[in-house]
Amino acid sequence: MTSVRNHRPLLSGNKWLLFVLAVVIGACSPKVNPVSKPAKTGTEQPQDKTEKAPEQPQAKPPAAKASVISLILPLGLNYAAAGQSYTAVKLRSANMSVEYYQGFKLALDSAASEGANFKLQVFDTKDDMAQAHSLGLNPQVKASDLIVGPVFPEDIKAFSSSLTAPGKAIVSPLSPAAPETFRNQNLVTMTPPLEYHAKGAAEYVAKQLKPKKVFILTSGFSDEKAYSSPFKRTIDSLSKRKIQVITTTISRGNLTKIVKNLSAAEQNIFLVPSTKQAFLMVTLRSLDTLSKKFPVTVIGHPNWEKFAFLKPALLQRLHTHITSSDKVDYKSGETSAFLRSYRHAYHAEPTDFAIKGFDEGLYFARMLAEGEDMRKPDLEDFTGLHNSFHFKNIPGQGWVNTHVDILRYENFYLKKVK
């Protein structure tokens, strides 16, 4: 699950591209017309002396109308001015923006080579709510066929509160923030919120593992309910309460009080919704000890994939499963083709943000090329390089991508099982 506020470290260094983007920030993605075939050459044939009427030049078909896309990102170009400097946090936001822009632009170029036509407008929120609010009043933005951004939840709120274009879809490209916090029916949330990770995990447990009991091991912190509550509701709904869900607060890894409820013959399913290092280290070690006597399967929080302190060997012994919305198959032919194109265009390695930008850019570019009305879009399923899209239109929340994959540790590596 991509979390844009917890700025992830870059996968490759391309900070210099921020300044290149400052030069091309108003760039278009023009239609790339197919090159006309040159006239065939060869031995000249004798000309027929019979006079022929001069041929009328064929009229060129009109170019396709350009779809206008406004891309609103926290570039912070004001910090690139003379005498200014980026803080570490602002620089991470800027680099994230550049990487997303590069992937998005590459997708538009790809669609344009097939005959589509786009005009890309890039706007800088400066990671400032007042600036985001101002952009919502910008006539160029309001007249766009597609608006992608802002990125951060606070900026989305400020921007959407000032945007007066009726029914205009606003794409939230990276934030997994719960869409009910925005109360915008026109919002398109691309990154599945945590609730849908919990629902996806619960569906897998109920339909594939089919246990009689599920144990939820909590540390007592209330923030864990954002994952455990929708998980329990989904288990109860799918199983019609035939699967017993037992929630227990664990202190110092002491699992004694649940041992009497465990099965020695069937898999014991444990949901651990915590992301606290101290709690996880102690509790998972206790589960590892428990697994020597009882079959253990652990369902973990999607953020576990980013935690270096969680060792794959331990997670594999615990048959750990986690959900993910952004797993890239680097062995696929489509990914290899993208990597070649990206390296050729930018002389850098693409990050997760660049790949996500490409997926989302290609998805919406194809919709615009087909004449889709973004005031009432028909958001079909799509499988990309980085993640896939399956949208639900939820009253008061807009369109929400609900697709997550289930990953399991095998050979000390996360592999997709669903």
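The values are calculated or read from the model by the stated rules, or taken from the named source; none is laboratory data. Predicted, not measured: the structure shown is a model, and the values here were computed from it. Cβ coordinates were reconstructed from backbone atoms using ideal geometry, including for glycine residues, and neighbour counts include every protein chain displayed. Accessible surface areas use protein heavy atoms only, side chains included; no ligands, DNA or RNA. Shrake-Rupley method; radii C 1.70, N 1.55, O 1.52, S 1.80 Å.
When the helices (runs of 4 or more DSSP H) confined to the stretch 125-206 are screened for residues that are aliphatic (A, V, I, L, M), those reaching at least 3 such residues are found at 129-135, 194-204.
The residues of the stretch 376-418 that are aromatic (F, W, Y) and either farther than 30 Å from V296 by Cβ or surrounded by fewer than 19 Cβ atoms within 10 Å (Cβ to Cβ) (or both), listed by number, are F382, F389, F391, W399, F412, Y413.
Among F412, F358, which is within 30 Å of L290 (Cα to Cα) and among the hydrophobic types (A, V, I, L, M, F, W, C)?
After ruling out the rest, the residue left standing is F412.
Picking from residues in the stretch 223-247 that are among the polar types (S, T, N, Q) and not in a strand (DSSP E or B), the one that is surrounded by the fewest Cβ atoms within 10 Å (Cβ to Cβ) is S237.
For (1) among the aromatic types (F, W, Y); (2) more than 27 Å from H386 (Cβ to Cβ), each residue gets a yes or a no:
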site	(1), (2)
R285	no, yes
L290	no, yes
F294	yes, yes
I299	no, no
N303	no, no
L318	no, yes
I322	no, no
D329	no, no
S336	no, no
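Here L414 clears all of (1) out of contact with any Lys or Arg (no Cβ under 8 Å at 6 or more places or on another chain); (2) hydrophobic (A, V, I, L, M, F, W, C); (3) farther than 18 Å from V148 by Cα except the condition numbered (1).
If you go through the stretch 122-137 and keep only what is among the hydroxyl-bearing types (S, T, Y) and open to solvent by 20 Å² or more (accessible area, probe 1.4 Å), you end up with just S134. Whether any residue in the stretch 200-222 is closer than 28 Å to S175 by Cα, touching a helix residue (DSSP H, G or I) at 6+ places or on another chain (Cβ under 7 Å), at pLDDT 95 or above and surrounded by fewer than 17 Cβ atoms within 10 Å (Cβ to Cβ) is what I want to check. Looking through the stretch 200-222, none of the residues is closer than 28 Å to S175 by Cα, touching a helix residue (DSSP H, G or I) at 6+ places or on another chain (Cβ under 7 Å), at pLDDT 95 or above and surrounded by fewer than 17 Cβ atoms within 10 Å (Cβ to Cβ). H344 satisfies every condition listed in (1) surrounded by fewer than 21 Cβ atoms within 10 Å (Cβ to Cβ); (2) in contact with a strand residue (DSSP E or B) (Cβ under 9 Å, 6 or more places away or on another chain); (3) under 16 Å from A107 (Cα atoms) except (2).
Within the stretch 363-375, which residues are of a type outside the set (G, A, S) and open to solvent by less than 90 Å² (accessible area, probe 1.4 Å)?
Within the stretch 363-375, Y363, F364, M367, L368, E372, D373, M374 qualify.
Taken over the stretch 102-161, residues that are among the aliphatic types (A, V, I, L, M) and over 22 Å from P377 (Cα atoms) amount to 8.
Residues in the stretch 233-240 include none that are on the phi < 0 side of the Ramachandran plot, modelled with pLDDT under 95 and touching a Lys or Arg at 6+ places or on another chain (Cβ under 9 Å). For the stretch 138-147, indicate whether the set of residues that are open to solvent by less than 20 Å² (accessible area, probe 1.4 Å), of a type in the set (S, T, Y) and in contact (Cβ under 8 Å) with a residue 40 or more places away in the chain is non-empty. Yes, that holds for at least one residue. Here Q316 meets the list (1) open to solvent by 40 Å² or more (accessible area, probe 1.4 Å); (2) modelled with pLDDT of 95 or more; (3) part of a loop (DSSP other than H, G, I, E, B); (4) not charged (D, E, K, R) almost entirely, failing just condition (3).
So which strands (runs of 3 or more DSSP E) are wholly in the stretch 367-418 and hold at least 2 residues that are within 17 Å of V171 (Cα to Cα)?
Passing ranges, in order: 391-394, 398-401.
Somewhere in the stretch 270-289, is a residue of a type in the set (F, W, Y), part of a helix (DSSP H, G or I), closer than 23 Å to D223 by Cα and in contact (Cβ under 8 Å) with a residue 60 or more places away in the chain? Yes, some residue in the stretch 270-289 is of a type in the set (F, W, Y), part of a helix (DSSP H, G or I), closer than 23 Å to D223 by Cα and in contact (Cβ under 8 Å) with a residue 60 or more places away in the chain.
The number of residues in the stretch 364-381 being in contact (Cβ under 8 Å) with a residue 60 or more places away in the chain and under 18 Å from the mean Cα position of the chain (by Cα) comes to 4. Going by what's in this entry, would V282 be described as modelled with pLDDT under 95, more than 19 Å from I246 (Cβ to Cβ) and among the hydrophobic types (A, V, I, L, M, F, W, C)? So V282 does not fit the description; no. Taken together, the criteria exclude A80 from residues that are among the aliphatic types (A, V, I, L, M), out of contact with any strand residue (DSSP E or B) (no Cβ under 7 Å at 6 or more places or on another chain), under 23 Å from Y346 (Cβ atoms) and open to solvent by less than 20 Å² (accessible area, probe 1.4 Å).
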